[in-house]
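The values are calculated or read from the model by the stated rules, or taken from the named source; none is laboratory data. Values in this document were obtained by computation on a predicted structure and should not be read as measured data. Reconstructed Cβ throughout: ideal geometry from the backbone, glycine too, with neighbour counts over all protein chains shown. What goes into the accessible areas is simple: the full protein's heavy atoms, side chains included, and nothing from ligands, DNA or RNA. Shrake-Rupley method; radii C 1.70, N 1.55, O 1.52, S 1.80 Å.
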Amino acid sequence: AQSEPEARDLALSLELFTEGSLNAFAYPTNVNTNSRIVVYDILDLGEQLKTMGLLVITDAILNRVTENWKKGKRTHVYLDEFHVVYENPYSSMFFTSAWRRFRKRNAFPTGITQNEEYLLDNASARSNSELIVMHNQASSDRERLAELFNISEDQMKFITNAEAGHGLMKIGKALIPFVNRFPKNTELYRYMTTKPGETEFWG
């Protein structure tokens, strides 16, 4: 609608996402984004839509954090498969900055991953948290974590061939071993488990 050539260039660049074949985010949402818990799933976005999807999601997260902060509410942000956001340059830049901004706005971000190598290769991703929980680690990851966090040989035992629920926490500069055995014969375990076989057993 604007006459400037820059506006036309921008409109043409975005046309694929507003009226073209990648217009999945060009419509009003059918989800109540004011719910107490909101979950975003990017599994089926595909490579072409992933960047746009991540930008939409990161913008929504930051807006929600800011709204809650203004209302005096605390926000918890959980990111499973956290390494995925660092595979994309746009979401990588966002979370590197947002991790600091979240804390200033009474929000508590938590990144969860089984693929530490992506994060260990990224200086911004690996040095931005005061609390890190490490479970059993692959040999190559253990060596890099030991160097990064100055983990002693005795402490390394807690993340070497460790049983489920065993590990090592880094809290500030302190390294603390932990054991957290969760009883399997509980309703809560039934809802939490993702182990093949157990999910089928519980239905």
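Couple of notes before you dig in:
- Filter result for the condition that a residue is of a type in the set (A, V, I, L, M) and not in a helix (DSSP H, G or I), over 146, 164: 164
- Test for residue 117: is it free of Cβ contacts under 8 Å to residues at least 24 places away in the same chain, in a helix (DSSP H, G or I) and open to solvent by 80 Å² or more (accessible area, probe 1.4 Å): no
- Checked against the criterion of being among the charged types (D, E, K, R) and surrounded by 12 or more Cβ atoms within 10 Å (Cβ to Cβ), the candidates 59, 80 yield just one match: 80.
- Residue count for the stretch 57-82, restricted to those that are of a type in the set (Gly, Ala, Ser) and farther than 16 Å from residue 34 by Cβ: 1
- Test: residue in the stretch 184-195 that is open to solvent by less than 80 Å² (accessible area, probe 1.4 Å), in a helix (DSSP H, G or I), within 22 Å of residue 118 (Cα to Cα) and hydroxyl-bearing (Ser, Thr, Tyr): no
- Within the stretch 21-45, the set of residues being touching a helix residue (DSSP H, G or I) at 6+ places or on another chain (Cβ under 9 Å) and of a type in the set (Gly, Ala, Ser) comprises 21, 24, 26.
- Boolean, residue 58 is touching a residue at least 40 places away in the same chain (Cβ under 8 Å) and not aliphatic (A, V, I, L, M): yes
- Unique match (being under 29 Å from residue 66 (Cα atoms) and touching a strand residue (DSSP E or B) at 6+ places or on another chain (Cβ under 7 Å)) among 149, 158, 178, 102: 102
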